[in-house]
1. Could you pull out the residue among B:21, B:85 that is surrounded by 14 or more Cβ atoms within 10 Å (Cβ to Cβ) and more than 8 Å from every other protein chain (Cβ to nearest Cβ)?
2. In this structure, does residue B:26 turn out to be at the interface with another protein chain (Cβ under 10 Å from one of its Cβ atoms), surrounded by fewer than 16 Cβ atoms within 10 Å (Cβ to Cβ) and at pLDDT 95 or above?
3. Would you be able to tell me the number of residues in segment B:48-66 that are within 14 Å of chain A (Cβ to nearest Cβ) and surrounded by fewer than 20 Cβ atoms within 10 Å (Cβ to Cβ)?
4. Has segment B:69-81 got at least one residue that is in contact with a strand residue (DSSP E or B) (Cβ under 6 Å, 6 or more places away or on another chain), at the interface with chain A (Cβ under 9 Å from one of its Cβ atoms) and surrounded by 17 or more Cβ atoms within 10 Å (Cβ to Cβ)?
């Protein structure tokens, strides 16, 4: 299981472009019993 | 985020909620809250380090510095931490001590 929007660390990414969504992602665990 | 809100969280003392477990992952970590059953991806190792050391620092800003987060990224990290606070993944230090 991996974050859906996961980006690799990119040196070209500017700090000004970073937003909270680049750092966290909330997911629902409903229906995930037995998956993780 | 307005700077006043950012400044507020950066100058406050926070800690990981005692109900939260962190599971290391290649991209960072999974945070699971055993109380509200929320699950959140922490998508950068630096953010995981910040969350881990929050309780050891008098405020969020010093935790960010200790984790090696550049000042230019403090706003994004502050917004992410506010997101974690909304789901009780992290708590203000005085609340954590009272529970």
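The values are calculated or read from the model by the stated rules, or taken from the named source; none is laboratory data. On a predicted model such as this, the values are computed, not experimentally measured, just so you know. Positions of Cβ are backbone-derived with ideal geometry, glycine not excepted, and every protein chain shown enters the neighbour counts.
1. Only one candidate passes the filter, namely B:85.
2. yes
3. Adding up the residues that qualify gives 1.
4. So far as segment B:69-81 goes, yes, one or more of its residues are in contact with a strand residue (DSSP E or B) (Cβ under 6 Å, 6 or more places away or on another chain), at the interface with chain A (Cβ under 9 Å from one of its Cβ atoms) and surrounded by 17 or more Cβ atoms within 10 Å (Cβ to Cβ).
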